[in-house]
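Just so it is clear, none of the values below were taken in a lab; they were calculated from the coordinates. Given the structure is predicted, the values throughout are model-derived calculations rather than measurements. Glycine also receives a Cβ, built like all others from the backbone with ideal geometry; neighbour counts cover every protein chain displayed.
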Amino acid sequence: MQKNIKKYLLLEQLEERIFLDANPIAAVEPIDPIDDPAAELIPVVPPQIESQDSVTAEPETTSENSEQETAAEPNEPDGASLETTTAVQQEGGDEVQSAVNEEASESVPPSSDEEADIGDTIIAESDIDIQAAETEIAEESSSPEQITPESSDPFELDNTADITPVEAIDPMIGEDFTFTVSLDNTTGGTLYGPYIDLYMPTTGDDGDDGVSFVDATYLDTPVNATVQIFDSGGEVVHPYAVDVVTGNPLIITGGTPGDTYITLEMPFGSFTPNQPAAEIEVTAHIDEYRQVDGAGGSAEDFDIQVYTGYRYGSDSLDNPASNPPVNPTLVETQTFRPEVIRFEKQYLGSEQELATGPNYPEQYQVTIDIATGQTISNLQLTENLPNEIFYLGNNTVRVNGATTGFSVTSPNPTGNGEGIFTNGILTIALDSSVTGGTLAGGEPRTDDVVITFDFYVPQYYADGVTPILNPATGDDAIGLTEDREVINDVQVTGDWIPTDPRDRPLDGSPIQISMDAEVNSDGIISPTPSRDEVFDAEAIAIQKTVGLAAGGDTGIIGGYNPGDIVQYTLTFQVSDYFNFGEILIDDILPDGLELQTTGSYAPTFSILDETAVDGSGNPLPWAGTWDVGTNLTTTTQADDDTELHFDVSAAIIAAAGVDVDGNPLEDGILQGDLYGNTDLDNPATGTITYYALIKDEYVSTGVGDSSGPGDVSVDQGDLFTNSVDIEGQIYGDDGAGGLTATGFGLDQDDSSASFQIEVGGVTKQIYAINGNTDLSVFTDPQGRLHMQPGDTVTYRLQYQMPTSEFESFRLDDYLPLPAHDAGEITITTVDTAESSIPPAAGLAYLHPDDTFSETFTSEVITIETNTTGGENRISFVYDEHDNAIAQETFIDILFTVTVTDEPFADGLYLTNQVRAIENGTPGISSASDGIIQIVLDEPDLEITKGIVESDNDADIYSANANVHTYFTEPGSSTGINSSRLEQSISSDWLDSNDINTNVANLDAGDTVTVAIIAENSGNADAFDVTLTDALPLGYAYVASSLQATDGNGIPLAYSGADSDLFGAGITIDDTADQGSIDGYDPTSGTNIIVITYD
């Protein structure tokens, strides 16, 4: 009598992500800013990084009995194993998972009281012949391996992120502040999955008064950010970085519990070596409770640390064992100084210079910024008055735009306190406290308090004897330098009660704030606190400005363009204490500009001094039009610039006329108003206005002349810089009541002004998908455009040409890898035929809105592609273009490329960038960028396996007692659509039902049904799906029992014999235009494969 042997079967579930042959969706996807209101920044020790062996982003689940050992049972074959492996191989899979392969163990059948395992394993194989090695996962370590955040990429990477301030490096507490991080690939190959990590000390001084992340943008487009808080052990799990050995996520260690670790997913799935650097603007917020250094020092400075990494390394696969990623590397530490108050001192005159004398009064302005919501009492400005100024008073104080009360303490206690002082101290104290305010839109004010006062530069220092400027040379009379610097030093003080009660003194008294170093308009703290503002005192000074002349704009897009008339204005001043004769002004008019000499654009002058009066003593300037060839002469220089010589003294003599005897009424000497007298009449000043035409061409070809332009065309982006110099002879007292030049020298001053010819701007968009310009059919509810492998994508590049003249012009389009292959474009020129119909893949032609090639029909647009050295670039190159007159046109190019089936990792985030580069004639290059963001959606397969039915009515299912009700009995196909399914299986159904089941109470000879379910939870179809299983020793496949269906029981064709399931695998057949498994649908069941066999 044969003894009945009971066998207990256990199926171990192992779910892995399989990434398939789909090159997914492109999307212009808005990303919501992440707002973490609590935060702060303090100097921290850079965190360490370790492999995470015990925690995974998506933990593998196993049955609680999956590791039970088996015991010998009589009459069973020796060495039979009840362990089985199931594999899914998918060509074009973008992630290569290491196999979790349980080695077949030598064992005997279990006793009736034991269960055996049938474990399943997944292997993903890519279509570039990368096969994951089958490796055994070791026991999890209780103390993870520590590693340092350094690059392990084979390219010997220098992936540097530089951080530079864009608003302020001394953030105001309770306010946002902004800085930039620049990412640049300086290696020899393309890197994939770039990210930037930021360590922000959110805990601050008191555990809750630090800095928090607000958002990050790239070209005004939000950047996706993962914000994590360090746990009680000072750890966070990195969202992308993995251990290069185990493939497990890295743990960032060494952080302060409560601090913030931000990972910015760069909007590039790939970054090529010559791709333009990407500057990411980061905004953070510093808590209002943050403590500050009351003395304005560094005691409360904090650091933000910047790390960079590439999650996939040098290929697009998530295969750290064979191609290690570039894990986080510390590349920058930026120091910030929290402030409650800051100030900027400004001289409000022109070009940081001032002629001496009371006819030239100027103002100092101090702008004080108080952190929003913070209150400063006893606010006081202390001015270390320069010894070289005469303080006039006329003080004004405005708080949040309105005047307020204040008191002034001057070294001179009488009158308005005016006077000249030696090391004089001026204080301006506000009568009331001030609270930092906001503008109408809610933005913090930066001008909570604005204080001004007037002054001029006198002739002598306070002793009344020592001149500020040497009367013989006009230079610094003490330091013997060319000009006398006037240096102003300011301090701002006040009392502050911190918002945080923990930071207040025990006696409740306020903290005194003292700020000595100013912060300029760029937010930079002055490195020289004793030099808050500096200007030069001058005996003679000149300033120059340029702008479009009234009626001189040709109307081409605005700005400066060939055919426009520009107006230059020269203003000069002579000190009240000096006389100047033989005054000459030399002005350099660059090649490409033509002086206008007639009509309303004729050059003019207006000059005044104390002697220029009418019969009643009223000012009467010498004025008129320059006599070209006489008092205005021109000289053509070697580089074809034109030097204009304005003989100011000669113009005065001519304008003043002659007496009855024909003798000149004036000698051309401008007399300082207070020279030799004390009567304040008229300053000695002059204004010269002249006009120039922007020509279409230069005179110089630049041949043999390194200073000249490169050819004759005035192009877009050309820069015109015009310099001017004034020089005069100083005249002094000859001792006989007259003036003499003997013993007196020359003095001079200079200035310049520039303008640039207008340049255009580039835009890029997705024009069509699969020839369909109605993109709404590809757009999901989140506004993302979806694309599948094999889809054709038509891009549109547009550029506005302000004048249509350039030395060279190109559009460099950096197609994202691996989504597109630039090499698909094999044509060498753009077809100038116009059509709004999207071109076929690999072709490019013009959209009907292109007017450049329509206007200039002989122009050839060359196509260059570069796929070497990690690049993936298509360039549309225009040769030098010059036309008779400036003319606005538009470039509008359509080109089509295919979404490749190259493997890539799940969630690869790409930005398609185009850069327009113009080169003008003098070699000046102008660039503009446009982007389209692409989010790649891929297939994402999860596999489950279970024993779901048997022919033994006494069977017991331990994990899901009802599992057998979902499938028909072994040997039958009586379910829906003649399948083994009793009902449809969908993703929603799988969410609440488990087929990872254990069965017990079976006898030898019983037949069981094994079900393998592969679910695609990704948005893209799965292609070339190959499934492989392994029978445990001692079990035999029931011939012809294999079925492959979708979740609705619809049969799926497959390649390979049934027995190949247990060998090379069976491959589910794809259709002509879609994969074997549809993209994710929660209810349809078409994104599911069901394999059953007995």
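Under 5 Å from the amide H of L817 lie the amide H atoms of S270, each residue being 5 or more positions distant or on a separate chain, with H modelled from the backbone and absent for Pro and chain starts.
Would you please classify the overall shape of the stretch 439-518 from the alpha carbon gyration tensor, given that a ≥ b ≥ c denote the square roots of the eigenvalues, rounded means a/c under 1.5, and beyond that prolate means a/b larger than b/c while oblate covers the rest?
Taking the square roots of the gyration eigenvalues as a ≥ b ≥ c, the stretch 439-518 is prolate.
Per residue, the convex hull spanned by the Cα atoms of the stretch 144-336 measures out at 109 cubic angstrom. Local charge for Q573 was computed over the other residues whose Cβ lies under 10 Å away, with Lys and Arg +1 and Asp and Glu -1, and equals -4. Computed from the alpha carbon positions, the gyration tensor of the stretch 941-1093 leads to an equivalent ellipsoid with semi-axes of 25, 18, 13 Å, biggest first.
Where does the charge balance sit around S979 when Lys and Arg score +1, Asp and Glu -1, over other residues with C-beta under 15 Å from its C-beta? Spelling it out: positives minus negatives among the neighbours equals -4. When each of D1046, D681 is scored by the number of other beta-carbon atoms lying within 10 Å, the sequence from fewest to most is D681, D1046. Here the 3J(HN,Hα) profile of the stretch 660-675, calculated from phi with Karplus coefficients 6.51, -1.76 and 1.60 at θ = phi - 60°, is 5, 8, x, 8, x, 7, 10, 9, x, 9, 8, 9, x, 4, 10, 6 Hz, Gly and Pro shown as x.
Is the stretch 762-935 rounded, prolate or oblate when judged by the Cα gyration tensor, a ≥ b ≥ c being the square roots of its eigenvalues, rounded requiring a/c under 1.5 and prolate requiring a/b larger than b/c?
Judged from the Cα gyration tensor, the stretch 762-935 comes out prolate (a/c at least 1.5, a/b above b/c).
Overall, the stretch 144-336 carries a charge dipole of about 720 debye about its Cα centre when +1 sits on the Cβ of Lys and Arg and -1 on the Cβ of Asp and Glu, all other atoms neutral.
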